[in-house]
1. What are the membrane-span-like helices in the chain by this rule: whole DSSP H runs, Cα extent along the axis at least 30 Å, mean Kyte-Doolittle hydropathy at least -0.5?
2. Using +1 at the Cβ of each Lys and Arg and -1 at the Cβ of each Asp and Glu in region 12-131, identify which of ILE92, LEU22, ALA110 lies farthest towards the dipole's positive end.
3. Going by average Cβ neighbours within 10 Å, how do the peptides 106-116, 124-134, 18-28 rank, with the highest at the top?
4. So how much slack lies between ARG86 and GLU62, counting 0.36 nm per residue of separation and subtracting their Cα-Cα distance, in nm?
5. Rounded, prolate or oblate, given the Cα gyration tensor of region 12-131, with a/c below 1.5 counting as rounded?
6. Counting only other residues whose beta carbon sits under 14 Å from that of ILE64, what net charge do I get with K and R as +1, D and E as -1?
7. What does the charge add up to near CYS126, with Lys and Arg as +1, Asp and Glu as -1, over the other residues with Cβ less than 13 Å from its Cβ?
8. What is the extension gain from ASN106 to PHE77, computed as 0.36 nm multiplied by their sequence separation minus the C-alpha to C-alpha distance, in nm to one decimal?
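Every number in this text was worked out from the coordinates using simple rules, so none of it is lab data. The model shown is predicted, which means the values in this text are computed figures rather than measured ones. Backbone-built Cβ (ideal geometry, glycine too); neighbour counts: all protein chains shown.
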Amino acid sequence: MSETMPNQSISNDVQNRLQWSLLALRLGVFVVMLMWTIDKFVNPGHSIKIFEHFYAISGLGENIAYILGALQLVLVFAFVAGIKKRITYGLIFLLHGGSTLSAFANYFDAFNNLLFFAAWPMWAACFALYLLRDADTKFTLGKAA
């Protein structure tokens with residue numbers, strides 16, 4: 001019995017639609033993550049408040065916010081470029097998961113915190129991208145996970 005590549009059993013049409021769908025998910029997650037990253041540079045005080053309120057990390061200075069922003073910027077661009085997918089997609093999934101779960105108290109007052117619920121489908125998109133990272137090849141620099 002010969003081994004087949006994971007996507008050989010999928011028709012070319014389905015494979016093409018899958019690749020475009022994964023690209024759309026990757027770009028959608030990228031936009032959100034990029035805005036969160038830019039916020040660390042434009043309004044570091046906001047990031048400091050987020051860390052204090054949601055992660056119970058106080059005393060974060062502006063310089064630390066800038067450093068975290070720079071590290072996140074590298075990660076976000078590596079993610080959107082499809083570089084080292086196992087690592088970058090995994091880190092994006094974990095970071096967004098941490099963000100989603102850190103706001104857990106807000107879910108109990110759902111109708112006063114509806115926007116927090118948008119985090120769940122994005123986290124699901126991050127999970128799907130991680131699981132399907134080998135099939136996500138449209139406009140990527142790194143083809144292997």
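1. On the way: long enough: 12-42 (44 Å, 0.71).
Sorted by number, the helices that extend far enough and score high enough are 12-42.
2. Among ILE92, LEU22, ALA110, the one farthest towards the positive end of the dipole of region 12-131 is LEU22.
3. Details: 106-116: 10.8, 124-134: 18.1, 18-28: 16.3.
Ranking the peptides 106-116, 124-134, 18-28 by packing returns 124-134, 18-28, 106-116.
4. On the way: separation 24, 0.36 × 24 = 8.64 nm, distance 3.07 nm.
Extra length available between ARG86 and GLU62 comes to 5.6 nm.
5. Details: a/c = 2.49, a/b = 1.43, b/c = 1.74.
Here region 12-131 falls in the oblate category.
6. Numbers: positive: LYS40, LYS49; negative: GLU52, GLU62.
That works out to 0.
7. Values: positive: ARG26, LYS85, ARG133; negative: ASP136.
So the environment of CYS126 carries a net charge of +2.
8. On the way: separation 29, 0.36 × 29 = 10.44 nm, distance 2.98 nm.
This chain segment gains 7.5 nm when fully extended.
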